[in-house]
Amino acid sequence: MSGSLSRIDSFAPEMIATATLVVDSTGRSFTEITGEAMRFVSESRAKDGALFLFLRHTSASLVVQENADPDVRSDLVSALDRLAPADAPWVHAVEGPDDMPAHVKTMLTGVSLHIPVIGGVLALGTWQGIFIAEHRARPHRRELVLQFIGSRR
């Protein structure tokens, strides 16, 4: 395999900026938070480094996914429901029939992301957005920690 590696830039981190974002979900869905992440990077006066995102929940997750066609998000909800259906013979059902499938979906998709920041801009691809994937049927309030580590503008 051969590839083309860009010039390597190296620096010591100058700053760590941290904030909490609270998002109210609408029930089983994908809620885009790209704008809030971009605002955090901008208001932090971040230049080059990494944005870390961590969701403080076990029945919702964080994903980078297509942000152009909403049908993609609808299909992803359906796909996750097929992978972890509510009517499977789950043992854990204390919080309702959608709770254990939500835990499985979170395990599959994850609760943390890191995104490079270059020149104060998230290094996302053209069609990529950052989403909270709500795996429970009813709305929930979700808390997310954003942290930038790197240089300042």
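What to note about this one:
- Of all residues in region 2-13, none are without any contact (Cβ under 8 Å) to a residue 60 or more places away in the chain and within 19 Å of Val145 (Cα to Cα).
- Considering Arg142, Arg152, the condition of being of a type in the set (Lys, Arg), crowded, with 16+ Cβ neighbours inside 10 Å and touching an Asp or Glu at 6+ places or on another chain (Cβ under 9 Å) is satisfied by Arg142 alone.
- Of all residues in region 1-27, those that are on the phi < 0 side of the Ramachandran plot and touching a Lys or Arg at 6+ places or on another chain (Cβ under 7 Å) total 6.
- Taken together, Gly120, Gly125 contain a single residue that is more than 19 Å from Thr20 (Cβ to Cβ) and either of a type in the set (Asp, Glu) or touching a residue at least 24 places away in the same chain (Cβ under 8 Å) (or both), which is Gly120.
- For region 48-72, the candidate set comprises residues that are in contact with a helix residue (DSSP H, G or I) (Cβ under 6 Å, 6 or more places away or on another chain) and assigned to a loop (DSSP other than H, G, I, E, B); within that set, the residue that is surrounded by the fewest Cβ atoms within 10 Å (Cβ to Cβ) is Thr58.
- The residues on offer are Asp48, Asp9, and the sole one that is at pLDDT below 95, touching an Asp or Glu at 6+ places or on another chain (Cβ under 8 Å) and of a type in the set (Asp, Glu) is Asp9.
- Pairs with Cβ under 6 Å, 6+ apart, first in region 128-139 and more than 12 Å from Ala37 (Cα to Cα) and touching a residue at least 24 places away in the same chain (Cβ under 8 Å), second assigned to a strand (DSSP E or B) and of a type in the set (Phe, Trp, Tyr): Ala133/Phe30
- Selected residue [more than 21 Å from Glu36 (Cβ to Cβ) and assigned to a strand (DSSP E or B)] from Ser78, Ser151: Ser151
- Any hit, region 1-24, residues being among the aromatic types (Phe, Trp, Tyr) and part of a strand (DSSP E or B): no
- Residues located in region 92-123, provided they are within 30 Å of Lys47 (Cα to Cα), assigned to a loop (DSSP other than H, G, I, E, B) and in contact with a helix residue (DSSP H, G or I) (Cβ under 7 Å, 6 or more places away or on another chain): Gly120
- When we screen Ser2, Ser25 for residues that are among the hydroxyl-bearing types (Ser, Thr, Tyr) and either touching a Cys at 6+ places or on another chain (Cβ under 6 Å) or surrounded by 15 or more Cβ atoms within 10 Å (Cβ to Cβ) (or both), the only hit is Ser25.
The values are calculated or read from the model by the stated rules, or taken from the named source; none is laboratory data. What you are looking at is a predicted structure, and each value in this text was computed from that prediction instead of being measured. Counting neighbours? That spans all protein chains shown, and the Cβs are built from the backbone with ideal geometry, glycine included.
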